[in-house]
Amino acid sequence: MNMPRNSVFSAKHVISLVLSLCLLLTLTVGAALADEVPQPEGGKKFETNWAADNCLVEIDYEEEGYRVCITRNDTTDPMNLTGDQWQYNCHYDESKDALVSMHSERSSFTVGESSEKIFGEPKYSELDPEGTNAVFTISADGKLEWNDPRDHAGDGVQFSNIGNFKGNWKSDAGEAETVSVKIQWNGTSREEDWFYTVWVTRGATDAETYTVTLANCDYDAATGKLSGTGSMTVFTKNAQGEYDSQDSDENAEVIFSKTEDGKLLYEAANGIVLVYDVLAD
């Protein structure tokens, strides 16, 4: 039986449409399943910041893997600051209870006049050849260890957990009070000299009154809290629309912890929740 030309045309389009819908459904389901891949329980203990000997290790979980960034500063010449940075893409190996790299990159940098890092061409940036995978483990006393077959840069070094607090934070959309927090890590070669500098601004900076607290804080890995006591300054708008400042006689307590979803909890302010501010300077 002969089928009319317009019927053949319609059938082809129906088949094409069905195939397109099947492809779209496959991609959508695949993406959804990828997003739902849970972080390995054994890998969660690695996801924080670590420090030792003018060296900072930042470990973050991203989708199905871990990003490890290691920055080591050379401070032998204060007038010519340089350093190296290693970046690894890793997976969690349950049998070793370790993070194992799949891709590695190493670059050197100099520090410019405005403190920004100026990177040169990578010394290497490639999938790890057999036998060159970096391996990260945590010792019985809670120290991070870095086995680096390429450069042996981690030989004999143990990194202490310093928490993941540095950066700029702002009060979550649901909070009634406007709060912004800047947290800066101050690391040296001596662990006993490590501390965080914290600036806490409570109230909008164009309000009639707002306060700024400056504190040096220490991190307690056992409790997961960042705490300290600082000085508070009160800013009040005068008749000319400018701000007068007055130092408070009272010390301000500063206590922070992290929520399970990575937000900052300002415990000393009735549990105000803050989110990371990617737009802040």
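The values are calculated or read from the model by the stated rules, or taken from the named source; none is laboratory data. Quick caveat, the model's predicted, so the values are computed rather than measured. Cβ placement follows ideal geometry from the backbone for every residue including glycine, while neighbour counts extend to all protein chains displayed.
Considering only residues in region 121-131 that are surrounded by 10 or more Cβ atoms within 10 Å (Cβ to Cβ) and part of a loop (DSSP other than H, G, I, E, B), the one that is farthest from the chain's Cα centre (by Cα) turns out to be P129.
List the residue pairs whose Cβ atoms are under 7 Å apart, where the first residue sits in region 38-53 and is outside the structural domain of K263 (by TED's automatic domain parsing), the second is among the polar types (S, T, N, Q) and surrounded by 14 or more Cβ atoms within 10 Å (Cβ to Cβ), and the two are 6 or more positions apart or on different chains. Close Cβ pairs satisfying both conditions: T48/N161; T48/N164; N49/N164; W50/S160; W50/N161; A51/S160; A52/Q158; A52/S160. Scanning region 161-188 for residues that are buried (at least 20 other Cβ atoms within 10 Å of the Cβ), over 16 Å from the mean Cα position of the chain (by Cα) and closer than 15 Å to G262 by Cα yields one hit, S171.
Quick check on my filter: what residues within region 61-74 are over 15 Å from S108 (Cβ atoms) and touching a residue at least 40 places away in the same chain (Cβ under 8 Å)? Spell out the reasoning first.
Residues of region 61-74 over 15 Å from S108 (Cβ atoms): 61-68.
V68, the sole residue that qualifies.
Taking region 50-73 as the range and being touching a Lys or Arg at 6+ places or on another chain (Cβ under 7 Å) and either within 18 Å of N147 (Cα to Cα) or at pLDDT below 90 (or both) as the test, the residues that pass are N54, C55. For region 252-272, residues that are out of contact with any Gly (no Cβ under 8 Å at 6 or more places or on another chain) and either outside the structural domain of S180 (by TED's automatic domain parsing) or of a type in the set (S, T, Y) (or both) total 2.
Do we find that A153 is closer than 19 Å to N270 by Cβ and either touching a helix residue (DSSP H, G or I) at 6+ places or on another chain (Cβ under 8 Å) or assigned to a loop (DSSP other than H, G, I, E, B) (or both) in this structure? Please lay out each step first, then the result.
Values: closer than 19 Å to N270 by Cβ: no; either touching a helix residue (DSSP H, G or I) at 6+ places or on another chain (Cβ under 8 Å) or assigned to a loop (DSSP other than H, G, I, E, B) (or both): yes.
It is false that A153 is closer than 19 Å to N270 by Cβ and either touching a helix residue (DSSP H, G or I) at 6+ places or on another chain (Cβ under 8 Å) or assigned to a loop (DSSP other than H, G, I, E, B) (or both).
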